[in-house]
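Worksheet: one structure, shown below.
Nothing in this text is a laboratory measurement; each read-out follows from the coordinates by a stated rule. Please read all numbers here as calculations on a predicted model, not as lab measurements. Neighbour counts run over all protein chains shown; Cβ positions are idealised from the backbone, glycine included.
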Amino acid sequence: MVFAHIPAGYVLAHILVKRNRWPKILLWVGMLGGTFPDIDILYGQYIAKDFAGHRLYLTHFPSVWILIAAIVLTITILADRRDWMRAWAVFFSAAFLHIVLDWVVGDIFIFAPFSWKIFNLIPPPPGQYGWWLLNHITNPAFFLEIAIVITAAIIFFRGGYKDLFGAE
């Protein structure tokens, strides 16, 4: 998934916000959560010099996200900031969705640190073309990515832009 993480976070947040009548600002939180696990790209690109293997870093381990969510939600409750629970729920839901989407199309250590076996639903295609984008769009999973982007666009153009930008 290259293009669908932010739209997927938006669609998920849209569902949660509309169904529960939560504040519309949470749409932005969903988009942030939907892309946040890819923060490891910065490390991979500028420190490790390994952009391609970023899904094998800690930020793509489900166990790490479960631990972080448990800690943050516990602190939120202990600090008596239950008003933040919705924001954290949207953020972590979108981050977990990111991991699930990456598991569909790429290599993920689903059970790390208990098992270092790599899992994927649709194996990544071999780099048969010299350009990464061509390899990406020829993968059958690209249809899922297009479907997510189209769904987000439909929501946005049917009035979702008003929720995001406060337009009338």
Relative to the longest principal axis of the chain, what angle (0 to 90°, nearest 10) does the C-alpha long axis of helix 142-155 take? 20 degrees
Give the share of C-alpha pairs in each 5 angstrom bin for the chain, from 0 to the last occupied bin, in whole percents, shortest bins first. 1, 9, 15, 18, 19, 15, 12, 7, 3, 1, 0
If you fit an axis through the alpha-carbon atoms of helix 5-20 and take the longest principal axis of the Cα set of the chain, what angle between them do you get, 0 to 90°, nearest 10? 30 degrees
Computed [θ] at 222 nm, helices only, for the chain once each DSSP H run of length n ≥ 4 contributes -39500 (n - 2.57): -17500 deg cm²/dmol
The long-range amide H neighbours of Gly106, using H built 1.01 Å from N in the peptide plane and a cut-off of under 5 Å, are Leu121, Ile122
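Dipole size in debye (nearest 20) for the chain around its Cα centre, Lys and Arg Cβ +1, Asp and Glu Cβ -1?
The dipole magnitude comes to about 480 debye.
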